[in-house]
Amino acid sequence: MLTDYRYVEAISFLDGELETLPAGTPRLSLLLLLADAQMGIGDLDAAARTLAEARTHSPGGPGNKAIAARVSRLSELQHLLVPPSLSETAPDSAESPVDTTLVVEEQEYLITNSFFETDLRQVLTDLSMETGIPIVWDATVEGLVTFEAIDQPFEDVLRSILLPAGYVYSSQQGTHFVGSPRPDGPAFGLLSTTEVVSLSNIDATEAIGLLSDFFEPYVKASRTDNAVCITAPQSFVERIRSDLAKIDEPPIQILIDVIVSEISTEALRKIGLDWSLLGTDGDETVSVGTDHTDLEGAAIIGEITSLGLDIGSYTVDLAASLEALVQSGEARIRANPRIAALNGRTAEIGMTKDQYFVIATTTSEYATYNTIQAVSSGIRLEITAYASPSGEITVRVKPDVGDVVGKGANDLPEISRRTASTTVRVSDGETFTIGGLSIQSENTTHKKVPLLGDIPLLGSIFRYEEKSMKD
């Protein structure tokens, strides 16, 4: 009615609404509309009283701004209606009468209205009539609306009304279409748009799995281009694009340096590392030390069997001692790989040797056929590292060491395999060691007295064997 300049009709309607409005219902928006209508017919005194009443119902913020705007407008209208004083009247003022025409400012796309348990379709109709913007909705639109708007932009009001009810809208050629965002909705084709987001650091299928389940119907993965295709309402597209940008951030790359060495227990003691101080054989728990050169530091108890683990910073003396043991033959470096891995991705290192043997199988028809099977021995290491913003790195490590120790039945190789699995936390650049993956080797030495040991029968008296065990 205000947009059609039907001010008298609007005043009558608003007065009736204010009288029948239940107690506790917001009245500010109706009072502001009433003040606009009263200023429209030039009843400035009534408008002033209405604005004074509106101040008592304003919660602050946008309400105070709306009241202040109307008070300013009221002052301008009052100034236009005040007759000029004699001292200010020019001689030719009679020929130039003051224009007292009331100029109504058009508040295009600004909404001031109040709805209390109003049918959503009626609300959309009112907004369309107030703004002159066509609004079309599909058959799914229903529900009640309680909302108050005070000089709010039309788009904000429409969004605030529709989103809580689960509806979206799109604007095409000046018409707003409202409907359900579900892909099987009757107006989904009008409400949706399509966008392709290319990913650089994560697989598209994995990225979709990390999105909220709510967005699953709107996204599809392209494995060829490693991209995500989004078909959804524009507000959904913006949210999905934002989430994908966070998921696709470049991961931290971690450089892992590994030394795999074989060293005797005696040689370990020479350089100050004694796993017997850190743990015992059998099913006993093992302490985890905190310093390579001082084993009396604080310890953390871990359920690791036959495994010693030490965390700290390698000193120059320790590195030099290890190199000296290698040169003297008391230690052997079996591998020294360096590998880079992305944060949270498993890196695998393997230095293995495959030995093949033949297995003969006899069928029920007494037919025999041979199959070849491989047995692997050597070193395998799985490392998964997680870096934190503080610089600490959580490392999950699983070493596997296998050696051929002899031959069994049918000359099949016997493999001695030692494995461990543990998770530790270290600082950037810090080193930790895992020990205790030991194997006992038995050496038998045949000795004899020269000449006498070779005499048949009696020579056994002058021959003997020496057995030694070595870890």
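The values are calculated or read from the model by the stated rules, or taken from the named source; none is laboratory data. Just so you know, these numbers come straight off a predicted model, no measurement behind them. In this analysis, Cβ positions are derived from the backbone assuming ideal geometry, glycine residues included, and neighbour counts consider all displayed protein chains.
Annotations for the structure displayed:
- Just so you know, in segment 239-261 the residues that are in contact (Cβ under 8 Å) with a residue 24 or more places away in the chain and of a type in the set (S, T, N, Q) include one that is surrounded by the most Cβ atoms within 10 Å (Cβ to Cβ), and it is 261.
- Condition check for residue 204: under 28 Å from the mean Cα position of the chain (by Cα) and in contact (Cβ under 8 Å) with a residue 24 or more places away in the chain: yes
- Evaluated against (1) free of Cβ contacts under 8 Å to residues at least 40 places away in the same chain; (2) hydroxyl-bearing (Ser, Thr, Tyr); (3) out of contact with any helix residue (DSSP H, G or I) (no Cβ under 7 Å at 6 or more places or on another chain), residue 264 falls short on exactly one condition, (1).
- Among the residues making up segment 189-208, those that are surrounded by 13 or more Cβ atoms within 10 Å (Cβ to Cβ) and farther than 27 Å from residue 132 by Cβ are 195, 197, 199, 202, 204, 205, 207, 208.
- Any hit, segment 60-67, residues being of a type in the set (A, V, I, L, M, F, W, C) and modelled with pLDDT under 75: no
- Residues in segment 106-148 that are in a strand (DSSP E or B), among the small types (Gly, Ala, Ser) and either under 13 Å from residue 176 (Cα atoms) or free of Cβ contacts under 8 Å to residues at least 24 places away in the same chain (or both): none.
- On the stretch given as segment 218-238, residues that are surrounded by fewer than 17 Cβ atoms within 10 Å (Cβ to Cβ), touching a Ser or Thr at 6+ places or on another chain (Cβ under 9 Å) and in a helix (DSSP H, G or I) total 1.
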